[in-house]
Amino acid sequence: MSAERRRKRREEQVGEREGRQRRDEQQVAGNAALAEAPVEQVRRETADDGRSHLQRDMQGRAAVREGDVRRQAGDERYHRREYGGRRSDDLRPQSPSPSPFAPVGELLARLARIFTCKIPRRIDGVVSGDDLRGAMRRFPSGICVVTVDDEGLKLGLTVGSLASLSLEPPLVGISIGLDSSLHGPLRRARRFVVSVLAGEQAALAQHFARSVPPIAQWTRVRTRASDLPEPLLEGARAWLECLVVEEYPAGDHTFFVGELASVELGAEGPGLVYIEGEYRSA
């Protein structure tokens with residue numbers, strides 16, 4: 001770099017520094033004058049040129065920023081001269097450019113995820129009872145047999161809707177179809193017994209799920225000795241004596257709420273569940 005260039009560069013830097021110093025001095029002097037002047041004078045000066053001291057301060061700051069931009073442009077011109085037309089930023093190590101095949105790779109990965117996963121089937125439109133039945137077949141439900149004594153007539157029905165509702169007071173609920181042979185007797189009796197079936201009692205579940213005449217229901221069915229009027233199935237995991245306290249209409253079913261009057265536990269072991277259209281021990 002020649003001495004002449006260095007001298008011109010120093011003169012430019014000195015000129016820019018003196019210019020910034022003069023602007024700063026003018027701004028400070030203006031602020032001090034505004035602070036010492038009476039309120040009427042400030043209002044008069046503001047009314048004369050239409051600017052308040054806040055506007056003047058903001059415009060002064062903008063001028064300083066403009067000077068900084070011009071100085072930065074001068075620095076860039078200097079570096080272009082010294083480094084053969086390249087900017088100073090160009091001399092820094094650059095990060096590698098993205099591969100032109102990156103979008104294609106991302107698309108292929110997305111397609112692989114789509115074709116390797118199972119897409120669930122969505123049921124659009126009006127949902128039918130068959131749709132609900134198909135979905136609930138995938139939900140394992142505990143199986144029990146509900147028994148009722150209707151003035152000496154013993155009845156039983158396989159139920160998969162037993163639900164625990166409350167601990168205080170202890171409440172359970174069962175859902176019985178309106179066309180079930182147990183619906184009317186249960187409403188009249190206002191009480192029922194639940195026998196929670198064991199895992200090996202799938203035959204009993206199938207037996208009480210069929211439409212069998214009341215007399216034939218108890219052929220070759222072992223019951224447990226009890227003081228209760230309702231039959232208790234031998235070998236069950238538990239027996240619940242319930243008193244009907246509420247009943248609610250639920251479409252083509254009635255939901256009966258029963259308060260527990262007594263509970264008796266049987267032998268420990270797996271229970272019986274219904275899933276995918278069959279009974280399983282679980």
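The values are calculated or read from the model by the stated rules, or taken from the named source; none is laboratory data. Just so it is clear, the model here is predicted, and its values are computed rather than measured. Cβ atoms come from the backbone with ideal geometry, glycine included; neighbour counts cover every protein chain shown.
Okay, residues lined up against (1) at pLDDT 80 or above; (2) within 26 Å of the chain's Cα centre (by Cα); (3) not hydrophobic (A, V, I, L, M, F, W, C):
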| position | (1), (2), (3) |
| --- | --- |
| C117 | no, yes, no |
| V146 | yes, no, no |
| K154 | yes, no, yes |
| V172 | yes, no, no |
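Pairs linking a residue in segment 153-180 that is touching a residue at least 24 places away in the same chain (Cβ under 8 Å) to a residue that is among the acidic types (D, E), with Cβ atoms under 8 Å and 6 or more positions apart or on different chains, are K154/E230; L155/D149; P169/E259; P170/E259; L171/E259; G177/D252; L178/D252; D179/D252. Among the conditions (1) over 40 Å from the mean Cα position of the chain (by Cα); (2) more than 16 Å from V146 (Cα to Cα), the only one that G269 does not satisfy is (1). For segment 187-225, a residue qualifies if it is touching a Cys at 6+ places or on another chain (Cβ under 6 Å) and either surrounded by fewer than 11 Cβ atoms within 10 Å (Cβ to Cβ) or assigned to a helix (DSSP H, G or I) (or both), but none of them does.
Taken residue by residue, segment 217-230 has at least one member that is more than 37 Å from the chain's Cα centre (by Cα), modelled with pLDDT under 95 and either farther than 23 Å from K154 by Cβ or aromatic (F, W, Y) (or both).
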